[in-house]
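Working notes, beginning with the structure itself.
The values are calculated or read from the model by the stated rules, or taken from the named source; none is laboratory data. The structure displayed is predicted, hence computed values, not measured ones. FYI the Cβ positions are ideal-geometry reconstructions off the backbone, even for glycines, and counts take in every protein chain you see.
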2 protein chains.
Amino acid sequence: MRIMVDAMGGDNAPEEIVKGCIEALKSKEGFDIELIGIEEEIEKYLNKYGYNGNRILITHAPEVIYNDDKPTEAIRHKKNSSMVIGLGKIRNNEGEIFISAGSTGALLVGTLLVAGTIKGVLRPALAPVVPSMCGGTMIVDAGMNTQCRPVNYVQFAVMGSAYMEHVYKRENPRIGLVNIGTEDEKGNNTLREALSLLRKCDLNFIGNIEGRDIAEGKVDVAVCDGFTGNAMLKMMEGTGKYFFHHMKRIFNRSLFSKISALLVKTHLKKLKDSVDPEITGGTPILGANGLIFKCHGNSTARAIQNTIINAYAISSSGFIEKIRERIGNMEV
Amino acid sequence: MRIMVDAMGGDNAPEEIVKGCIEALKSKEGFDIELIGIEEEIEKYLNKYGYNGNRILITHAPEVIYNDDKPTEAIRHKKNSSMVIGLGKIRNNEGEIFISAGSTGALLVGTLLVAGTIKGVLRPALAPVVPSMCGGTMIVDAGMNTQCRPVNYVQFAVMGSAYMEHVYKRENPRIGLVNIGTEDEKGNNTLREALSLLRKCDLNFIGNIEGRDIAEGKVDVAVCDGFTGNAMLKMMEGTGKYFFHHMKRIFNRSLFSKISALLVKTHLKKLKDSVDPEITGGTPILGANGLIFKCHGNSTARAIQNTIINAYAISSSGFIEKIRERIGNMEV
């Protein structure tokens with residue numbers, strides 16, 4: 001299996017990206033990596049970190065898409081960028097997995113225009129699995145579609161359900177529609193129509209949910225528009241930082257509290273890691289014609305390494321085939 | 001000063017409401033309480049908790065608005081409900097403060113139709129102050145207006161700024177517009193227009209922010225539509241529960257971890273309280289023609305007590321006059 005990685009995407013590219021790839025290859029067998037980007041830059045860091053194996057292939061891409069490039073223009077005009085070349089290879093089945101920490105906007109436009117979507121999928125969606133009391137809940141969409149039609153919510157639910165069933169092995173995943181209250185009449189007309197469509201689907205749909213139900217693990221998949229999902233996701237990250245900021249202060253107050261910290265250190269670290277995007281790795285774009293992962297723009301080698309290993313692990317889960325089958329059978 | 005309390009609002013009414021009022025009177029001088037609701041019910045609990053002072057006045061309201069009543073119909077038809085009577089007294093200046101744990105929808109409709117808004121305020125807003133690294137950040141709106149026009153965001157900013165300046169004593173409060181990225185072109189046309197209007201205002205507006213910037217305390221006031229604000233608020237509550245759920249497990253693992261918990265107990269409790277709506281108390285409705293507080297539907301006596309004391313403390317802050325002055329001078 002070949003995993004393609006955008007060497008030029010993100011604030012720490014290409015050094016941290018190249019380093020993350022080397023670490024991933026060291027820690028796991030079974031795949032090769034195709035690093036796409038400016039060849040001499042990639043080689044410089046392969047040398048710096050002393051890589052001399054044969055599991056890395058470099059594909060030269062002279063152009064770079066930057067965060068302040070307009071997404072649609074960047075995808076249309078920078079044909080020789082690492083991102084466009086990688087997404088083109090997804091479209092042509094020259095690789096199954098593409099990972100990028102580059103511009104979110106460009107990656108999303110590129111998924112639609114270059115890689116393409118699974119037949120029948122109207123809008124792909126960014127779908128992170130966030131920490132929750134049931135062991136992780138997927139938010140679909142978390143930033144790709146700021147406005148949605150009722151049918152989009154239904155497709156998000158179908159795709160999220162397939163993912164959680166096949167990747168997280170949840171039986172009959174519970175789906176909820178994010179609203180400002182659980183009563184059926186809450187929200188606007190679009191949400192009420194989405195609720196009615198979701199009730200008719202062959203899914204384990206439990207109805208409207210509120211933001212708190214996500215972290216409390218009352219659902220396996222929370223469906224919402226990309227604006228709401230993004231705001232909630234970032235709020236969760238910020239709240240995590242708030243807690244650990246105060247925890248640190250609490251444990252640093254006195255000799256006793258420092259002793260206290262030592263006694264629970266390992267477990268606190270695990271809790272902190274559960275909300276750290278560096279550890280949890282990239283976010284899949286559901287509905288794309290292949291496995292595409294978006295990493296945080298500030299990803300370090302560790303995030304890239306974790307995303308590669310995670311992507312490799314789920315590539316055999318069969319969730320894309322399941323989405324293809326279910327969306328193919330949908331009447332929209 | 002007279003503080004009016006809706007005795008019939010919320011899941012635990014009237015018992016916990018009456019009890020909360022008694023506790024508030026015990027803990028603080030300087031105000032009387034007008035309990036509005038079914039007289040014999042109120043008296044029953046005043047007797048149960050042995051209240052025999054002269055600081056409680058009962059106003060009989062035979063009707064009750066329930067959570068499943070349609071808000072507009074409830075406000076129009078249940079003229080003799082505790083909520084409509086209380087809001088009517090706000091309109092007629094027969095009381096300065098009204099506190100209710102009843103139906104959010106009905107309270108919001110009632111604020112518009114019965115109590116009325118400050119002259120020039122187009123839409124009032126539910127505005128909780130959530131925990132953040134700067135000591136609290138206000139979210140405006142958190143559930144009242146699911147869709148907003150650009151001018152609404154500007155008014156939310158003006159009102160939130162007045163509140164944080166006068167109640168929280170923040171000098172020149174920092175205002176941010178919640179978006180899915182910090183770049184100016186993010187979001188839809190409404191948000192871009194709101195951004196442009198906010199830049200022209202005489203406010204300390206720092207531009208677009210993301211959900212994480214709220215908990216991290218990068219602003220004193222986060223402005224957004226009520227759907228987004230509600231989703232973020234609930235997500236923060238849920239994330240708090242997620243953390244303390246795991247903290248409890250961590251501290252209960254072994255004898256060592258139990259000792260560890262004892263060493264930091266007091267401070268952990270404070271951190272937990274900072275995200276507990278029972279402790280932080282009710283949420284003000286900004287732009288209303290008086291001081292109206294919405295408490296959680298599941299409020300216990302403690303939440304009611306804290307809201308009363310909080311409302312009394314801020315009633316002399318002058319923030320309503322400031323909103324009146326600033327909105328009066330706005331060209332909309």
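Computed values, structure above
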| read-out | value |
| --- | --- |
| Considering residues of the range A:76-88 that are over 22 Å from A:Pro284 (Cα atoms) and in contact (Cβ under 8 Å) with a residue 12 or more places away in the chain only, the residue surrounded by the most Cβ atoms within 10 Å (Cβ to Cβ) | A:Lys78 |
| Residue match in the range B:90-100 (condition: within 24 Å of A:Glu183 (Cα to Cα) and either crowded, with 21+ Cβ neighbours inside 10 Å or in contact (Cβ under 8 Å) with a residue 60 or more places away in the chain (or both)) | yes |
| Flag for B:Gly143 being at pLDDT below 95 and within 30 Å of B:Lys270 (Cα to Cα) | yes |
| Test set (1) among the hydroxyl-bearing types (Ser, Thr, Tyr); (2) within 14 Å of chain A (Cβ to nearest Cβ); (3) not in a helix (DSSP H, G or I) - B:Tyr168 fails condition number | (2) |
| B:Thr111 within 14 Å of chain A (Cβ to nearest Cβ) and not aliphatic (A, V, I, L, M) | no |
| Pair list, Cβ under 8 Å, 6 or more apart: the range B:58-75 residue more than 14 Å from chain A (Cβ to nearest Cβ) and in contact (Cβ under 8 Å) with a residue 12 or more places away in the chain, other residue of a type in the set (D, E, K, R) and crowded, with 18+ Cβ neighbours inside 10 Å | B:Ile58/B:Glu34; B:Thr59/B:Glu34; B:Glu63/B:Lys78; B:Val64/B:Lys78; B:Ile65/B:Lys78 |
| Of all residues making up the range B:172-198, the number that are within 11 Å of another protein chain (Cβ to nearest Cβ), more than 19 Å from B:Asp213 (Cα to Cα) and not polar (S, T, N, Q) | 0 |
| Failed condition for A:Asn47, given (1) closer than 22 Å to A:Ser315 by Cβ; (2) assigned to a helix (DSSP H, G or I) | (1) |
| Single residue of B:Ser260, B:Ser299 found to be farther than 30 Å from B:Asp6 by Cβ and crowded, with 23+ Cβ neighbours inside 10 Å | B:Ser260 |
| Matching residues, the range B:181-201, being in a helix (DSSP H, G or I), in contact with a strand residue (DSSP E or B) (Cβ under 9 Å, 6 or more places away or on another chain) and surrounded by 15 or more Cβ atoms within 10 Å (Cβ to Cβ) | B:Leu191, B:Ala194, B:Leu195, B:Leu198 |
| Count of residues meeting criterion [on the phi > 0 side of the Ramachandran plot and more than 14 Å from every other protein chain (Cβ to nearest Cβ)] in the range B:114-144 | 2 |
| Selected residue (criterion: farthest from the chain's Cα centre (by Cα)) from residues of the range A:169-226 that are under 20 Å from A:Asn145 (Cα atoms) and small (Gly, Ala, Ser) | A:Gly187 |
| B:Gly238 buried (at least 24 other Cβ atoms within 10 Å of the Cβ) and at the interface with chain A (Cβ under 9 Å from one of its Cβ atoms) | yes |
| Filter result for A:Ser315 (within 10 Å of another protein chain (Cβ to nearest Cβ), of a type outside the set (Asp, Glu) and in contact (Cβ under 8 Å) with a residue 40 or more places away in the chain) | no |
| Evaluation of A:Ser100 against (1) over 16 Å from the mean Cα position of the chain (by Cα); (2) on the phi < 0 side of the Ramachandran plot; (3) among the polar types (S, T, N, Q); (4) more than 14 Å from every other protein chain (Cβ to nearest Cβ) (one fails), failing number | (1) |
| Unique residue being among the basic types (Lys, Arg) and closer than 16 Å to A:Leu126 by Cβ when the list is A:Lys200, A:Lys234, A:Lys169 | A:Lys234 |
| Cβ-Cβ under 6 Å pairs, at least 6 apart or on other chains, the range A:252-279 side closer than 16 Å to B:His267 by Cα and more than 7 Å from every other protein chain (Cβ to nearest Cβ), far side in a helix (DSSP H, G or I) and not basic (Lys, Arg) | A:Ala261/A:Phe251 |
